[in-house]
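The values are calculated or read from the model by the stated rules, or taken from the named source; none is laboratory data. Computed from a predicted model, the values in this text were never measured in an experiment. Here the Cβ positions follow ideal geometry from the backbone for every residue, glycine too, while neighbour counts run over all protein chains shown. Accessible surface areas use protein heavy atoms only, side chains included; no ligands, DNA or RNA. Shrake-Rupley method; radii C 1.70, N 1.55, O 1.52, S 1.80 Å.
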Amino acid sequence: QVQLVESGGGLVQAGGSLRLSCAASGRTFSRYVMGWFRQAPGKEREFVALIGASTYHADSVKGRFTISRDNTKNTVYLQMNSLKPEDTAVYYCAANTAGTKFDYWGQGTQVTVSS
């Protein structure tokens, strides 16, 4: 079992920044592919970014968001800059522990961007 706990969400004005953190349990964190997803009201959950051997960001956030990790702290981060109202969503951290799918999820953290 892997437990994921997100933090760092909140209310920010458009153009502002937030950094989300996701603390993970497990002794093999460094082997996991970690990802961030988000779900806005009335919309399906969408991919934001992932980090494994390399990083990948969705086109909608490329150049504004950056995923990173600190394996010594079992933590993955999402630095979000130049935030837009359309970034408003619940952001979820996820872990792919077996190489097939994201099989563990956090409870989510709310990000609200005001215009």
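Overview of results
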quantity: Residues of the range 47-81 that turn out to be over 22 Å from G15 (Cβ atoms) and open to solvent by 30 Å² or more (accessible area, probe 1.4 Å), as a count; calculated: 13
quantity: All positions within the range 8-32 that are over 18 Å from T72 (Cβ atoms) and either within 16 Å of the chain's Cα centre (by Cα) or surrounded by 13 or more Cβ atoms within 10 Å (Cβ to Cβ) (or both); calculated: G8, G9, G10, V12, A14, G16, S17, L18, L20
quantity: The range 33-46, residues that are within 17 Å of D87 (Cα to Cα) and either crowded, with 17+ Cβ neighbours inside 10 Å or not polar (S, T, N, Q) (or both); calculated: G35, W36, F37, R38, A40, P41, G42, K43, E44, R45, E46
